[in-house]
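Dropping a structure here in structure tokens format, bear with me for questions.
The values are calculated or read from the model by the stated rules, or taken from the named source; none is laboratory data. Not measured: the values here are computed from a predicted model. Quick reminder, even Gly has a Cβ in these numbers, built from the backbone with ideal geometry, and neighbours come from all protein chains shown. Surface accessibility is based on the protein's heavy atoms, side chains included, excluding ligands, DNA and RNA. Shrake-Rupley method; radii C 1.70, N 1.55, O 1.52, S 1.80 Å.
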Amino acid sequence: MEMLRTEFLGKKVSSPLVLPAGVMGMSFSGLHFSAISGAGVVTSKSLTLNSRTGHKGPVIAEFEGGFINAMGLCNPGIEEGLAEINEFKKVCDKPVIVSVFATSTDDFIKLTKYVNTSKGDFLELNLSCPNVFDEFGIPLAASKEKVAEIIASVKKISKLPIIAKLSPNVYNISEIALSAEKAGADALCLINTVGPGMLIDKKMVKPILSNRTGGLSGPCVKPIALRLVHEVYSCVNIPIIGMGGITYGDDAIEIIMAGATLVGVGTAVHYRGIEVFSKINEEMKIFMKEENYANLNEIPKLEKLWTKDSHCQLQK
Ligand SMILES: Cc1cc2nc3c(=O)[nH]c(=O)nc-3n(C[C@H](O)[C@H](O)[C@H](O)COP(=O)(O)O)c2cc1C
């Protein structure tokens, strides 16, 4: 794995592959299974102050382009979630990202205080869940002011580096990313699921998901993820965890070329099994050997073509 070793916010990482929030990360065993299967970093399910049962089923469905889900942020609550993470850290020293979700600055602060007492390595603020619109309205990540307010408040008290998870469902991603960076985010994570979208059961004449709509993930979102990661990379100076439809080693290489430092692999766990992490690690190494890249830093990044045209230049 020498070729794939890297560093992220001061921590050594054995592979750039990350288990993203919401996929296998609800329990100690899900985190552990992913880590021993080759993920370099693992992320918990987004944890809220109190436990949530989420939406009633069906909450997830497959279609030809990937998956649509509206889980509704089901999770055991911050205290139980952190207990699972602490268990994981007893047996595995791979870094853990603790993902938290709230809808107000006050609640993000309360969650941060809990996370400060845990063995987590990074704090990820999920500002971008598209599936709880009925309860909470438009995701916070749609507003650069709200993004800045929350990050600045959390930054004052967090003992862990902060990662802001951004939404793909905006027209001004670079403005929002810059706002997050300026407010003190140490890294960015993108993309969360795309949409919301809808699938229809034509015999029942109704939407397939009980929530009617849900976020898209998997291969259909990869081109959107590549574009957004590249646009953000073109204007910020903090590292990016890139994700969205990464299924094979080639996809991982492409998102690194777009500007990602680490690479999330979520929906692909469904297609290729939990071994997807070791498979992608091997596929990346084959490509790197063919191209004579001795390590991840040698993989070239795309030229920052858009900088002069995008919002970020106006902001700077
Ligand atoms: C079933 C499911 C649950 C998810 N839950 C969360 C979550 O709790 N918090 C979050 O920030 N993202 C969540 N996501 C989004 C993923 O972390 C990731 O950003 C997205 O799925 C794109 O990556 P992928 O195409 O590799 O799955 C979820 C995705 C899926 C498919």
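How would you rank 66-75, 94-103, highest first, on the average number of other Cβ atoms within 10 Å across their residues?
Working: 66-75: 23.2, 94-103: 25.3.
Per-residue Cβ counts within 10 Å, averaged per peptide and sorted highest first, yield 94-103, 66-75.
Suppose each label sits 7 Å from its Cα in the direction of the beta carbon; what would the Glu149-Arg272 distance come out to in nanometres?
Output for this residue pair reads 4.2 nm.
Please list, in order along region 36-42, the HN-Hα scalar couplings obtained from phi with the Karplus expression 6.51 cos²θ - 1.76 cosθ + 1.60 (θ = phi - 60°), rounded to whole Hz, x for Gly and Pro.
Ordered by residue, 3J(HN,Hα) equals 6, 7, x, 5, x, 9, 10 Hz.
Which trypsin sites (Lys or Arg not before Pro) in region 1-106 sit in a loop by DSSP (not H, G, I, E or B) and have at most 10 other Cβ atoms within 10 Å of their own Cβ? Write out the running numbers ahead of the final one.
On the way: sites: Arg5, Lys11, Lys12, Lys45, Arg52, Lys56, Lys89, Lys90; in loops: Arg5, Lys45, Lys56.
Filter output for region 1-106: Lys56.
Follow-up. Using a 1.4 Å probe on the protein heavy atoms, what percent of the accessible area of the chain belongs to carbon and sulfur? Display every interim value, and only then the final one.
Working: 7390 of 13660 Å².
Of all accessible area on the chain, carbon and sulfur atoms account for 54 percent.
Here is a further query. Loop-only check: which GluC sites (Glu not before Pro) in region 37-90 are DSSP coil with at most 10 other Cβ within 10 angstrom?
Working: sites: Glu62, Glu64, Glu79, Glu80, Glu84, Glu87; in loops: Glu64.
Those satisfying the criteria are Glu64.
So how strong a dipole does the chain carry about its Cα centre when Lys and Arg Cβ are +1 and Asp and Glu Cβ are -1, to the nearest 20 debye?
On the way: 33 positive and 33 negative charges, 103 e Å.
Result for the chain is approximately 500 debye, rounded to the nearest 20.
Sort Lys110, Lys279 by accessible area with a 1.4 Å probe, largest first.
Working: Lys110 105, Lys279 80 Å².
Of Lys110, Lys279, the descending order of accessible area is Lys110, Lys279.
As a test of understanding, state the convex hull volume per residue of the chain from its alpha carbons, in Å³. Mind dumping the intermediate values first?
Values: hull volume 38.5 nm³, N = 316.
Cα-based convex hull of the chain, divided per residue, equals 122 Å³.
Report the full-extension gain for the segment Asn295 to Phe136: residue separation times 0.36 nm, less the Cα-Cα distance, to one decimal in nm.
Numbers: separation 159, 0.36 × 159 = 57.24 nm, distance 4.32 nm.
Contour length minus Cα-Cα distance gives 52.9 nm.
Could you tell me which residue out of Val229, Ser158, Leu111 lies farthest along the dipole of region 86-230 toward its positive end? Charges go on the beta carbon: Lys and Arg +1, Asp and Glu -1, centred on the Cα centre.
After comparing all options, I get Val229.
Is any residue of region 15-57 close enough, with backbone N under 13 Å, to a label point placed 7 angstrom from the Cα of Val91 along the Cα-Cβ axis, and if so, which?
27-37
What's the extension gain from Met204 to Arg227 if we count 0.36 nm per residue and subtract their Cα-Cα distance?
On the way: separation 23, 0.36 × 23 = 8.28 nm, distance 3.69 nm.
That works out to 4.6 nm of additional length.
How big is region 208-254 along each principal axis, measuring the range of its Cα positions in Å and listing the largest first?
Cα spread of region 208-254 along its principal axes, largest to smallest: 41, 24, 14 Å.
Then there's this: For a quick check of your reading of the filter: which trypsin sites (Lys or Arg not before Pro) in region 178-224 sit in a DSSP loop and have no more than 16 other Cβ atoms within 10 Å?
On the way: sites: Lys182, Lys202, Lys203, Arg212; in loops: Lys202, Lys203, Arg212.
In loop regions of region 178-224 (DSSP not H, G, I, E or B), the sparsely surrounded trypsin sites (Lys or Arg not before Pro) are Lys202, Lys203, Arg212.
Here is a further query. Just to verify a number: FRET efficiency for Asp250 and Ile109, C-beta to C-beta distance, R0 = 51 Å, to 0.05?
Once the sixth-power term is evaluated, E becomes 0.80.
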